[in-house]
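Encoded as structure tokens, the structure appears first; notes follow it.
Rule-based calculations on the coordinates, nothing more; no lab input. Please read these numbers as outputs of a predicted model, since none were measured by experiment. We place every Cβ from the backbone using ideal geometry, glycine too, and count neighbours over all the protein chains shown.
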Amino acid sequence: MIPELYRDLLTSTALAHVATLGPNGEPQTNPVWFDWDGAHILFSQTTKRQKYRNLQRDGRIALSIVDPANPYRYLEIRGAVERIDPDPDLTFINKMAQKYLGQERYPYHQPGDERVVVIVKPMHTTQMG
């Protein structure tokens, strides 16, 4: 599904700009840290965020990753949320803190935050560059 020439973006420290559909059908987008397991895009959210509520209602999702070394090279992935898994011990977000910050623990965790891992199945890609 992911073209070979763009797979490097999936293991880079680029951010993925994730778009979901809001309660009135309007797009809502923001950048997130992400991971690639060879078949799925994974990212963390808290259950209090709008993006989480959007995905509970409508699992369609799009994300784009811009090459940090070449802003004219990007990969867009459209797909669907396959599942949302709890992350009560912060294993996944700590893994992302290691990838993006070089820190063993996610430093921005707030008391009361409930973290989940969103697992996205790619269904369509476009790319440039």
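What pairs come up if the first residue lies in region 1-16 and is surrounded by 17 or more Cβ atoms within 10 Å (Cβ to Cβ), the second is assigned to a helix (DSSP H, G or I) and not β-branched (Val, Ile, Thr), and their beta carbons are under 8 Å apart, counting only those six or more places apart or on different chains?
The qualifying pairs are Ile2/Leu10.
Does Tyr106 fit the bill of being among the aromatic types (Phe, Trp, Tyr) and either out of contact with any helix residue (DSSP H, G or I) (no Cβ under 6 Å at 6 or more places or on another chain) or within 19 Å of Glu4 (Cβ to Cβ) (or both)? Spell out the reasoning first.
Numbers: among the aromatic types (Phe, Trp, Tyr): yes; either out of contact with any helix residue (DSSP H, G or I) (no Cβ under 6 Å at 6 or more places or on another chain) or within 19 Å of Glu4 (Cβ to Cβ) (or both): no.
In short, no.
When the residues of region 17-37 are narrowed to those that are of a type in the set (Asp, Glu) and loosely packed, with under 11 Cβ neighbours inside 10 Å, which ends up farthest from Val118 (Cα to Cα)? Spell out how you get there, then give the answer.
Pass one, region 17-37, residues of a type in the set (Asp, Glu): 26, 35, 37.
Narrowing further to those that are loosely packed, with under 11 Cβ neighbours inside 10 Å: 26, 37.
Numbers: Glu26: 20, Asp37: 12 Å.
Restricting to residues being of a type in the set (Asp, Glu) and loosely packed, with under 11 Cβ neighbours inside 10 Å, the top hit is Glu26.
Assuming Tyr6 fulfils every condition listed in (1) touching a helix residue (DSSP H, G or I) at 6+ places or on another chain (Cβ under 9 Å); (2) hydroxyl-bearing (Ser, Thr, Tyr); (3) outside any strand (DSSP E or B) apart from one, which condition is it?
Condition (1) is where Tyr6 drops out.
Which number in (1) within 25 Å of Arg7 (Cβ to Cβ); (2) of a type in the set (A, V, I, L, M); (3) under 16 Å from the mean Cα position of the chain (by Cα) marks the one condition that Ala69 misses?
Going through the list (1) within 25 Å of Arg7 (Cβ to Cβ); (2) of a type in the set (A, V, I, L, M); (3) under 16 Å from the mean Cα position of the chain (by Cα), Ala69 breaks only (3).
Quick one: Lys51 ticks every box in (1) in contact (Cβ under 8 Å) with a residue 12 or more places away in the chain; (2) surrounded by fewer than 18 Cβ atoms within 10 Å (Cβ to Cβ) except a single one, so which number is it?
Tallying (1) in contact (Cβ under 8 Å) with a residue 12 or more places away in the chain; (2) surrounded by fewer than 18 Cβ atoms within 10 Å (Cβ to Cβ), Lys51 fails exactly one: (2).
So in region 107-129, with the set limited to residues that are over 16 Å from the mean Cα position of the chain (by Cα) and over 24 Å from Asp67 (Cβ atoms), which one is surrounded by the fewest Cβ atoms within 10 Å (Cβ to Cβ)? Reasoning before the result, please.
First pass over region 107-129, keeping only residues over 16 Å from the mean Cα position of the chain (by Cα): 107-114, 126-129.
Those left that are additionally over 24 Å from Asp67 (Cβ atoms): 107-114.
On the way: Pro107: 8, Tyr108: 8, His109: 14, Gln110: 7, Pro111: 4, Gly112: 7, Asp113: 15, Glu114: 12.
By that ranking, first place goes to Pro111.
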